[in-house]
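The values are calculated or read from the model by the stated rules, or taken from the named source; none is laboratory data. Here the structure is a predicted model, which is why all the values come from computation and not from measurement. Backbone-built Cβ (ideal geometry, glycine too); neighbour counts: all protein chains shown.
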Amino acid sequence: MNFFYTFIPNKILFTIFNINIYWYGLFIFLGVLFGFIVFYSLLKKEKVESKNIYDIFFYTLICGFLGARFAYLFYDLDYYIKTPVEIFKFWNGGMSIIGGIIFGFTSLYIICKKRKIDLIKILNIMPIPLLIGQIIGRFGNYFNQELFGLPTSFFLKIPIEKINRPIQYADSEFFTPLFLYEIIFNIILLIILLILHKLKNKNNLENGVISKEIKLKDFRKKMSSLVFIEKGGMFFVYINYYFVLRFILEFFRIGEPKILFFTLNQVISLTIILSFDVYFLTRKK
């Protein structure tokens, strides 16, 4: 553990032909790669056509990426207006997952509507590869020395170089690694969703399959759980868990724009939770 208290990471992985390859870019690439492998595998088992899987992933990824970058620009809009060339330097960090999820979901809704693909089926699968991508991608924040919170003396802490410290905390050495907390809680959420996915596959309402091992006294409880999943329950769990997590972590962020007592991200998170929950709870199977 002492190693991480003294080690200052270099954001550049290596340089080839005078081109810098960044750790951040590597982890984003790995997150996309492994996310796609899992996404394709799960949807093939759901009997979704390969062409639709490729197109859904491609358009959702592109729109999600643009949304994540576009949303981030608003956090420091004056800076990017004065230095527009910096807008394209995404390898230096600066991606808003909230923006990515909103734009990605919008593109997913449009393509499913256009091709008459079961949106709920996709939404029940999407959180698993999405979380895998998020977990891997968050390690890039460590090398970029970003997504850290208030100064701390807690054992989960990382040193931040002076050049990367907020002015008001220039004399503080250790800060809260918010990206690490998000990784840890995202792993927990991933495990929960994998359990729900296994339950869905074991007892498939679409195909009229109920596990032989089920006891009569547990039938009603099982059916209730399955109906919840079939209505989009896995995406419901993801939206509520993840955005509640983001809401809590925002209290430890530094210098975030605020609306009254809450940061902009907290207001957006609450809006997304309430909007989706109203839709989900009033939706009929």
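Answer yes or no as to whether Phe148 is in contact with a Pro (Cβ under 7 Å, 6 or more places away or on another chain), buried (at least 19 other Cβ atoms within 10 Å of the Cβ), within 23 Å of Leu13 (Cβ to Cβ) and of a type outside the set (Val, Ile, Thr).
Numbers: in contact with a Pro (Cβ under 7 Å, 6 or more places away or on another chain): yes; buried (at least 19 other Cβ atoms within 10 Å of the Cβ): yes; within 23 Å of Leu13 (Cβ to Cβ): yes; of a type outside the set (Val, Ile, Thr): yes.
Against the criterion (in contact with a Pro (Cβ under 7 Å, 6 or more places away or on another chain), buried (at least 19 other Cβ atoms within 10 Å of the Cβ), within 23 Å of Leu13 (Cβ to Cβ) and of a type outside the set (Val, Ile, Thr)), Phe148 qualifies.
Can you tell me which residues in segment 58-81 are aromatic (Phe, Trp, Tyr) and within 15 Å of the chain's Cα centre (by Cα)?
Phe65, Tyr72
Looking at segment 1-35 only, could you name the residues that are part of a helix (DSSP H, G or I), closer than 17 Å to Leu180 by Cα and either touching a helix residue (DSSP H, G or I) at 6+ places or on another chain (Cβ under 6 Å) or modelled with pLDDT of 90 or more (or both)?
Trp23, Tyr24, Phe27, Ile28, Gly31, listed by residue number.
Among the listed residues Tyr142, Tyr109, which satisfies the condition of being crowded, with 20+ Cβ neighbours inside 10 Å, hydroxyl-bearing (Ser, Thr, Tyr) and either under 22 Å from Val237 (Cβ atoms) or over 15 Å from the mean Cα position of the chain (by Cα) (or both)?
Answer to the check: Tyr142.
Given the conditions (1) within 15 Å of the chain's Cα centre (by Cα); (2) touching a residue at least 40 places away in the same chain (Cβ under 8 Å), and given that Gly100 satisfies all but one, which numbered condition is not satisfied?
Evaluating Gly100 over (1) within 15 Å of the chain's Cα centre (by Cα); (2) touching a residue at least 40 places away in the same chain (Cβ under 8 Å) leaves (2) as the failure.
Restricting attention to segment 1-60, which residues are of a type in the set (Ser, Thr, Tyr) and surrounded by 11 or more Cβ atoms within 10 Å (Cβ to Cβ)?
Residues of segment 1-60 of a type in the set (Ser, Thr, Tyr): 5-6, 15, 22, 24, 40-41, 50, 54, 59-60.
Result: Tyr5, Tyr22, Tyr24, Tyr40, Ser41, Tyr54, Tyr59, Thr60.
Can you name the residue in segment 61-80 that is charged (D, E, K, R) and over 21 Å from Gly31 (Cα atoms) and is also surrounded by the fewest Cβ atoms within 10 Å (Cβ to Cβ) among such residues? Walk me through it before giving the result.
Here is the first cut: in segment 61-80, the residues charged (D, E, K, R) are 69, 76, 78.
Then keep just the ones that are over 21 Å from Gly31 (Cα atoms); that gives 76, 78.
Details: Asp76: 13, Asp78: 7.
Only one residue tops the list, namely Asp78.
On the basis of being farther than 22 Å from Pro127 by Cβ and at pLDDT 90 or above, does Lys51 make the cut?
Values: farther than 22 Å from Pro127 by Cβ: yes; at pLDDT 90 or above: yes.
So Lys51 passes the test.
Could you tell me which numbered condition Lys89 fails, if it satisfies all but one of (1) farther than 25 Å from Leu190 by Cα; (2) buried (at least 19 other Cβ atoms within 10 Å of the Cβ)?
(2)
Quick one: would you say Phe57 is assigned to a helix (DSSP H, G or I) and free of Cβ contacts under 8 Å to residues at least 24 places away in the same chain? Don't jump to the end; show me each part of the working.
Values: assigned to a helix (DSSP H, G or I): yes; free of Cβ contacts under 8 Å to residues at least 24 places away in the same chain: yes.
Yes; evaluated as a whole, the condition is true for this residue.
Output the residues belonging to segment 261-284 that are in contact with a helix residue (DSSP H, G or I) (Cβ under 9 Å, 6 or more places away or on another chain), farther than 27 Å from Gly232 by Cα and outside any helix (DSSP H, G or I).
Phe262, Thr263, listed by residue number.
I need a count of the residues in segment 92-106 that are surrounded by fewer than 20 Cβ atoms within 10 Å (Cβ to Cβ) and either modelled with pLDDT of 90 or more or charged (D, E, K, R) (or both).
1
Given Lys162, Lys157, which one is surrounded by 18 or more Cβ atoms within 10 Å (Cβ to Cβ) and more than 30 Å from Glu230 (Cβ to Cβ)?
Working: Lys162 fails: surrounded by 18 or more Cβ atoms within 10 Å (Cβ to Cβ).
Result of the check over Lys162, Lys157: Lys157.
Report, by residue number, each residue of segment 238-271 that is over 27 Å from Phe175 (Cβ atoms) and either buried (at least 18 other Cβ atoms within 10 Å of the Cβ) or not β-branched (Val, Ile, Thr) (or both). Let's see the steps before the verdict.
Start the filter on segment 238-271 by keeping residues that are over 27 Å from Phe175 (Cβ atoms), which leaves 238-240, 271.
Scanning segment 238-271 gives Tyr238, Ile239, Asn240.
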